[in-house]
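None of the figures in this text is laboratory data; all of them are computed from the coordinates on show. As the structure is a computational prediction, the values presented were derived from the model and not from experiment. Please note: Cβ atoms are built from the backbone with ideal geometry, for glycine as well, and neighbour counts cover all protein chains shown.
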Amino acid sequence: MQTAAIDALLQETRVFPPSEAFVKQANINDPTIYERAAQDFEGFWAHYAETMLEWFEKWHTVLEWNPPYAKWFLGGKLNACYNCVDRHVRTWRKNKAALIWEGEPGDERVLTYGDLYREVQKFANVLKSLGVQKGDRVCIYMPLVPEVIIAMLACARIGAPHSVVFGGFSAEALADRINDAQAKVLVTADGGWRRGNIVPLKHNADEALRHAPSVQKVVVFKRIGGDYTVTMQEGRDYWWHDLMKDAPLTCPAEPMDSEDLLYILYTSGSTGKPKGIMHTTGGYMVGVTLTAKWVFDLKDEDVYWCTADVGWVTGHSYIVYGPLSNGATCVIYEGAPDYPDRDRFWAIVEKYRVTIMYTAPTAIRAFMKWGEQYPRKHDLSSLRLLGSVGEPINPEAWMWYHEHIGGGRCPIVDTWWQTETGAIMITPLPGIVATKPGSATKPFPGIFPAILNDQGQPVGVNQGGYLVITKPWPSMTRGLWGDPERFVQTYWSKFEGVYFTGDGARLDEDGYYWLLGRVDDVINVSGHRLSTMEIESALVDHPAVAEAAVIGVHHEIKGQGIAAFVIVKEGYQADGGLQEELKQHVVKKIGAIARPDQIIFTAELPKTRSGKIMRRLLRDIAEGRALGDTTTLADPSVVQALKEKYEGQEE
Ligand code: PRX
């Protein structure tokens, strides 16, 4: 984050304590919970593990900690699907809405917990009939329809770890992820709706499967249908509805060990190859169940809407496992916020009387730009709590959300966490903590962060440093699929024995955390985590590109945009046509989320004498700052020439 932005945050002095009425009804409103959790964090987590989940067998040991490997609730047996579905069906919740789904074209479906119970068991039997056994990986590449959740829960039910790949990823990205996990079955759909267009999921899947031989069977859910046809490969591809027709209605939930793998979810790291983050069953379920209940103040009467896609961790933890484990009613929406018009989200809030909404700063900034006339057209009075996730929220966006969406009465929970942390880590508890616009406030009880300098010493008040977590927590990742060395290298080697998050942060005089963005080569575009090296690899894959350097630059809506400095090979024309072609090439290699905003052609890149690209200088150039220290450069004239060129090219 830029110095000017940090200065602005330092001047932020507004404080919003929770209203008395909110405190009174909150699921957790006793401030001593923080101290109690700190005095005995193992006891704290064990208490909630016991009271919030149903176990087939209780654990014998709460925690075994051999840094960087933690095991929680050892010897315990449970099933995530059972906790999200079966236990509710035995109560009055059987006929309660679990999912309220709205498709982009306006179609609607409501599934009760009873419906989920039936569909999940049937699909679990379908998976078994296709040869899926406990421990086999199942890849899911679907639009946001109820079936994606049914598929995930069915996997959890039979102990087959799922690997959900966001439907916006390209065929190549899908193939990489299938190959890494060696998935046996792929669950997909003919397509999905996005801004009135069809996302050709099955077509992408077919392309991916040409390079992903581990997949033996494909299940295709018919989302689009009608005239839209896809090719079905005999003996490999089956329609969801055909397989479900005769599937037996009951399938027992497999008793899983606490430390059995629940899922793998790929995320970008600072090198090109995506990382398969692993989450196991017991600790993860404890983390997401308790945080969902306390952070969102989830009650049975609530209508809860998390606007993320299930392809990201936010969807895994706070559309599927956390809310359903609590027996909540969840709204899910398939499409874009501006289709058919820019008031779509607010129409959904009004229609279903949404009480809790959890979205991303990038969306809020887009809403701000579109103007308050869109939310004003709708009755948003049902809302009682708002959440934010995915990137730092700037105070202006926070205030706009507070006033124009929350009507000034809803607490805002700005939740900091990561795919690796599994559950929310730094957040207000809305019935206890007074919020400050732009701050994620305090660690969740039982979570112990710190901010360190390069030497590993805690920094002083209002000094920026590296955000780390000093003690293990139940939902922490158990590692990277197939790559233990990279796990140690990425998270556990910067500082001895503590988890390095890759984020910068500062602590203010009240002990509030202010997140300052990534400190590594990861960029955050519209709340999506991308690796600069992954985009660079995609660019150099194009025959015209000799070398590429990618950086994140400030972007008004997306938080960060993507700028690529490219050296073109001899014989190629560095022109507008090539710029477009290169952008398209990245879309093909990774997906539309990675499309560069700018391609800047250059003859050379600034490098140190040891040949390392100096990205800091590229950022200075792209953001129009005075050039910092250039003394370590092999050839300082390169950067001056580049700066002049860039300023000439800027739109
Ligand atoms: O940089 C932080 C940012 O998103 C990163 C994690 O990305 P991902 O694993 O894709 O998970 C996103 C959803 C949990 C973090 O390292 N980040 C996430 N939430 C916040 C945030 N930065 C500031 N404030 C947040 N509330």
> How do the peptides 171-177, 377-383 rank, highest first, by the average count of neighbouring beta carbon atoms within 10 Å per residue?
Replying inline: 171-177, 377-383
>> Quick check on packing: order 235-244, 293-302 by the mean number of other C-beta atoms within 10 Å, highest mean leading.
In response: 293-302, 235-244
>> Set the bar at 21 Å for Cα to Cα. Now go through LYS293/LYS351; LYS607/LYS643; LYS442/LYS471; LYS128/LYS245 and name every pair that lies beyond it.
In response: LYS293/LYS351
> What shape does segment 6-120 take by its C-alpha gyration tensor, where a ≥ b ≥ c are the square roots of the eigenvalues and a/c under 1.5 counts as rounded, a/b above b/c as prolate, and the rest as oblate?
Replying inline: oblate
> In µm²/s, what is D for segment 113-259 at 4 °C and 1.567 mPa s, where D = kT/(6 pi eta Rh) by Stokes-Einstein and Rh is the Kirkwood radius from Cα pairs?
Replying inline: 85
> What residues qualify as long-range amide H neighbours of TYR333, i.e. H under 5 Å apart, gap of 5 or more or another chain, H built at 1.01 Å from N?
Replying inline: GLU102
> Hey, which of these cross-link pairs are over 26 Å Cα-Cα: LYS96/LYS217; LYS122/LYS217; LYS96/LYS184; LYS184/LYS275; LYS558/LYS588?
Replying inline: LYS96/LYS217; LYS96/LYS184
> Can you give the calculated 222 nm mean residue ellipticity of the chain, where each DSSP H run of n ≥ 4 adds -39,500 (n - 2.57) and the sum is split over every residue, rounded to the nearest 500 deg cm²/dmol?
Replying inline: -8500 deg cm²/dmol
> In whole percent, what relative contact order does segment 476-607 give with Cα contacts below 8 Å and a gap of six or more residues?
Replying inline: 17
> Ranked from highest to lowest mean number of other Cβ atoms within 10 Å per residue, what is the order of the peptides 340-352, 27-39?
Replying inline: 340-352, 27-39
>> Less than 14 Å Cβ to Cβ from ASP136, Lys/Arg counted +1 and Asp/Glu -1: what total charge do the surrounding residues give?
In response: +4
> What ³J(HN,Hα) values, in whole Hz, does the Karplus curve 6.51 cos²θ - 1.76 cosθ + 1.60 give for segment 416-427 when θ = phi - 60°, with x put for Gly and Pro?
Replying inline: 9, 5, 8, 3, 5, 7, x, 9, 4, 10, 10, 5
> Which whole-number percentage describes the relative contact order of segment 67-158, with Cα contacts under 8 Å and a sequence gap of 6 or more?
Replying inline: 31
> Percent of alpha carbon pairs in the chain separated by more than 46 Å?
Replying inline: 14
>> Could you tell me the calculated FRET efficiency between ALA603 and LYS96, based on Cβ-Cβ distance and R0 = 56 angstrom, to the nearest 0.05?
In response: 0.30
